[in-house]
Amino acid sequence: MKKLKAIIYNCRRATELIGKKQLTALTLRERLELGIHLIGCSFCRLFQRQSILINRWVRGLLHATPPAGTKLDDYFKEELQKRIDEKMRGEK
Amino acid sequence: MQREKNTTGAAPDGPSDQSDPSENRLPDPHQWVAKYADMLYAYALPRINDDELARDLVQETFLAALERKDKFEGRSSESTWLTAILKNKIIDVYRKNSSGLRGVPPGLRKNSSGSWSGTEVADAEREQQEFFDPKDGHWTVAHQPRALGIEAQDPLMHKELSGMLKKCLDKLPALWLSVFTMKHMDDQPSEVICRELKVTPSNFWVIIHRAKLNLRACIQKSWF
């Protein structure tokens, strides 16, 4: 019970649980601890919202199709195809 | 400069994934660059965030594919096959970055591949010790989360925000960034990431959590 009391006021621990919750399942006890903490802590509630949001942002950023300009230049491509063709001739 | 004859006459412009399960097609390396180079480059660039390195990887992918083209079984499309090879190469880069750079003095970070110049793990951990009061674990006043007021924004619609996000990601220690990127990039199962980057499962979520803590703090700091 003493331990439970400590977590109720401990934001460091609460953010750990928020992180864990987004990856795996929390144990029953952890769920309880976190739930109680969040009722009384608006900072950690905000942290949780932002944490979910950041996941979405990062995903969006990584999956964004690069802007139309991000193509390889023709010179690079020609040289590359030449290397491939040469290598194939070498194999025969 | 003429390329060798274009046997199929197929339009070489499609980065589309042409799965053609009907027959055992043979790979046609003479068409590779025209058909797939841009697609592979576009795949590598956001994952690597380094133009030079992304080009190198595209080249290495083709050369590696050439060496094992006999093993191409036509069960997947050529583009899927090439992407899989590239993906492995990207993971190699993550692995190299995350193992090689630990313990290297910050001044020497921009080395060989020149890609990540993020923080040392130890520094990043020290940084987040300031987030919480050492005695009771409360947020310290300076680091309490603050509403950004942009929670509803799509960062892609918001140039400033996506630039800031990139900068903050780059500041993460290489190992953290690798784990974080692999997690969010392709939804790789945690076991795969742990295996590839040699982290234990319990370390895995701790790393993700710490990366998140620093990332969020960095965003807040640059936003206000």
Please verify whether region B:168-181 includes one or more residues that are small (Gly, Ala, Ser), open to solvent by 50 Å² or more (accessible area, probe 1.4 Å) and at pLDDT below 90.
no
Of (1) assigned to a loop (DSSP other than H, G, I, E, B); (2) within 28 Å of B:Arg146 (Cβ to Cβ); (3) not polar (S, T, N, Q), A:Gly35 satisfies all except one. Which?
(1)
For residues that are modelled with pLDDT of 85 or more, more than 9 Å from every other protein chain (Cβ to nearest Cβ) and part of a loop (DSSP other than H, G, I, E, B), tally how many sit in region B:136-158.
1
Odd one out for B:Gly118 among (1) at pLDDT 75 or above; (2) away from chain A (no Cβ under 14 Å):
(1)
For region A:51-62, does any single residue satisfy the condition of being more than 30 Å from B:Leu40 (Cα to Cα), modelled with pLDDT of 85 or more and assigned to a helix (DSSP H, G or I)?
yes
Here the residues within region B:182-211 that are over 15 Å from B:Val121 (Cβ atoms) and either within 11 Å of chain A (Cβ to nearest Cβ) or surrounded by 21 or more Cβ atoms within 10 Å (Cβ to Cβ) (or both) are B:Met182, B:Lys183, B:His184, B:Met185, B:Asp186, B:Asp187, B:Ser190, B:Ile193, B:Pro201, B:Ser202, B:Trp205
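The values are calculated or read from the model by the stated rules, or taken from the named source; none is laboratory data. The model shown is predicted, which means the values in this text are computed figures rather than measured ones. Backbone-built Cβ (ideal geometry, glycine too); neighbour counts: all protein chains shown. Calculation scope for accessible area: heavy atoms of the full protein, side chains included, ligands and nucleic acids excluded. Shrake-Rupley method; radii C 1.70, N 1.55, O 1.52, S 1.80 Å.
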